[in-house]
1. I'm trying to understand the selection: among the residues of the range B:255-280, which are of a type in the set (A, V, I, L, M) and at pLDDT 95 or above?
2. Does B:L330 satisfy being surrounded by fewer than 20 Cβ atoms within 10 Å (Cβ to Cβ), more than 12 Å from every other protein chain (Cβ to nearest Cβ), of a type in the set (A, V, I, L, M, F, W, C) and more than 30 Å from A:L13 (Cα to Cα)?
3. Output yes when any residue across the range A:141-151 is away from chain B (no Cβ under 14 Å), modelled with pLDDT under 95, buried (at least 17 other Cβ atoms within 10 Å of the Cβ) and part of a loop (DSSP other than H, G, I, E, B), and no when none is.
4. From the list B:L58, B:L39, which one is surrounded by 15 or more Cβ atoms within 10 Å (Cβ to Cβ) and touching a His at 6+ places or on another chain (Cβ under 7 Å)?
5. Given the criterion farther than 19 Å from B:R89 by Cα, in the same structural domain as B:R207 (by TED's automatic domain parsing), part of a loop (DSSP other than H, G, I, E, B) and in contact with a Lys or Arg (Cβ under 8 Å, 6 or more places away or on another chain), identify the matching residue among B:P245, B:P263.
6. Mind checking which residues of the range A:113-140 are of a type in the set (G, A, S), surrounded by fewer than 20 Cβ atoms within 10 Å (Cβ to Cβ) and within 14 Å of chain B (Cβ to nearest Cβ)?
7. Just to be sure I understand, how many residues within the range B:370-422 are of a type in the set (A, V, I, L, M, F, W, C), part of a loop (DSSP other than H, G, I, E, B) and within 23 Å of the chain's Cα centre (by Cα)?
8. Among the polar types (S, T, N, Q) and without any contact (Cβ under 8 Å) to a residue 60 or more places away in the chain, is that true of B:S209?
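The values are calculated or read from the model by the stated rules, or taken from the named source; none is laboratory data. This structure is a prediction, so every number in the text was calculated from the model and none was measured. Counting neighbours? That spans all protein chains shown, and the Cβs are built from the backbone with ideal geometry, glycine included.
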Amino acid sequence: MTDLRDLYQQVILDHNRKPRNFRVLESANRTAEGYNPLCGDQMKLYLDVEDGMIKDAAFQGKGCAISKASASLMTAAVIGKPVDEAEALFRRVHAMLTGDATASRDTSNDGDGLGKLAVFAGVREFPSRIKCASLPWHTLRAALSGAREAVTTE
Amino acid sequence: MSTLLGSSRAPGAATTGWDVERIRRDFPALHQHVHGKPLVYLDNAATSQKPQAVIDALTAYYTRDNANVHRGVHLLSERATDAYENARRRIQRHLNAVSPREIVFVRQATEAINLVMASFGRTLVGAGDEIVISALEHHANIVPWQMLCEEKGASLKVVPVDDRGDLIMDAYARLLGPRTRLVAITQVSNALGTITPIGEIIRLAHRESIPVLVDGAQAAPHQAIDVQVLDCDFFVFSGHKTYGPTGIGVLYGKESWLERMPPYQGGGDMIKMVTFEKTIYNDLPYKFEAGTPHIAGAIGLAAALEYLAGLGLDRITAWEHELLEHGTKLLQAVAGVRLVGTARRKAAVLSFVVDGVHAHDVGTILDHDGVAVRAGHHCAMPVMARFGVPATVRASLGLYNTPGELETLARAVRMAREIIGG
C-alpha cells in the first residue's frame, strides 16, 4: 500500500504554498510552454541562458501541488548550472520518476545525489501523477532546445 | 422507533422504499477495497458499474449462443440473431420508439453523433448553413460538428449558459434561423449536471422545422426516456454509462430521417446485393450497421435496461435526487468548497473546486480514502473555460450510492484541504 505522505512530502507542500521563482523573467531569452491536457495544468518557463550557463530561471502557471512544487524545485536546481548539466539532471529526474534505471547509464533511479529533487521519488508509486512532476522538466528541455510548440504530456 | 425516525444513513428512504443495500449486492465490483478502504464509487458519469444480470447475460451468450447474426443456416446463428434482435426491441420499448427500425447499434454515443454528422450532415448541410449546439456540450457533441462545419463551410452557433449553468433560452431562440440545419444539445450536462429544458428546446426548433439531436448519454442512466413525448429527431446514448457493457451504444432516429440518410460505413450486413457496378443497400436499421456488430454488447445492454426497468426508472430518479440534495448540503458545509454548476434542475453530479487545492490533488487524496471521482475538465473544456476553472473535482452519483458514501466524500475533501491547503 502506498502512503500519501510519500507523495505529499513537507518540501513539496512548502513549495506548492510558496513556489520559488514564480514570476515572469524579463531578461529571459528562452521560453517554453507546457500543458497537461488531462488535468489542465499549464506552465510557462523562462530561462536566461548566456554562454552555455542558465543564469536565471522562473515560471508562471496553474497546476496541482506536484507540478507546481516540481517547477519550483527545478528552477532552483538549474539556476547557475551549465546547460549540459541541466540536461543531465533532466535524465536523472526522469529516470527517478519512471523508475527506469536504463534511461541513462550513469543514473541510479532512487534519487541519490539529486538533493532536494529526491523528494519526488515517491511520485512513481502514483502512476497517474508522474506526468505532473515531469511536465516542468519536459518544458525545460523544450526551452533549452528552442522548441516553438507547447509541450504536452499526451 | 428508530426505524420510524430513520437513521442518518438513509434520509428519505422511507418515502421511496429504496433498499440500497440489497441493490448494491447486485453489483459485484462495488464490494472491494482500494488502498485498504472500502470502495466508494462516485465516477458514474464516466462509466457505471455493472449488475450481475448484465455479466450473466454476456457469459450466457458467449457460453451458449455465440455465432454470427443474420446468416442463420444453423441453430446457433438463429439463437444469436434472435437474442440480438430481441435486444433491439428491448431498447425500442425502453425509449418508446415507434419501430425497431429506428434503433441503430453503434459503439457509444460518440459514434452515434459521428454517424449523424457523417450521414445527415454531409448530405443536408451546406456552405453558409448553421448548426446550433450549447456551451454545456461534451467534446463528443462539439468536435464532430466542428469537423463538419470546416468541411462544408458551415458555422457553429453556441447557446450560452448563465452563472448557475443553465442555458440562456432567449439566446437560444435568437440563434434559430433560416440557415439552421440541426440543433444538437445535451439533455444532461456531464460536467455540471444541468438538466436542460430539452422539451422546450425541441419545440422551439420544430417551430422553425429544424431537427434536433439529443445527447442522452448522461440522461439515460438516470431517468425514463420517451422519444415520442420528446419528439426528438435523434437520441443517442452509451451502454456503459447505463449499467451496460462498454463498446455498445444506440442511435435512435426517426424513420423518416434515417430513410433519407445515406449509409455511414460500407461493408457486410448493410447491403442487399453487391455487384461491381452497383450495390443496393439494406433496409433500416441494417443500412447503418456495417460488419459484424457487438452482439454480446447489445444483449448485455438489453439486460441492463431490463434491470433498470425492474428497479423503476422513476424511483432511480427520486433516489438520486435525494442523494444529490444530501451531497450538496454536505459539500456546502465544507470550508473552502465551491460548487460549480448550481442549475435549477440538476442530475446527480457534484462538480466542485476546493480553495487552495488543485482538483488533481483532491482526486489523489480521495482515492486514498477509497473514493473514486474524476478530476479534470471532463471532456468539456469550454464549460471549464466558461466558469474560469482549469479543472473541477466531479462526484457523479448512481443508483447504488448511499448517503454514507457522501459523508465519506465530504470527510475526505476536508482532509485534502488539511493536507494541501493548510
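1. B:L258, B:M261
2. So B:L330 does not fit the description; no.
3. No, the range A:141-151 contains no residue that is away from chain B (no Cβ under 14 Å), modelled with pLDDT under 95, buried (at least 17 other Cβ atoms within 10 Å of the Cβ) and part of a loop (DSSP other than H, G, I, E, B).
4. Going through B:L58, B:L39 in turn, the sole match is B:L39.
5. Going through B:P245, B:P263 in turn, the sole match is B:P263.
6. A:S128
7. Counting residues in the range B:370-422 that are of a type in the set (A, V, I, L, M, F, W, C), part of a loop (DSSP other than H, G, I, E, B) and within 23 Å of the chain's Cα centre (by Cα) gives 7.
8. yes
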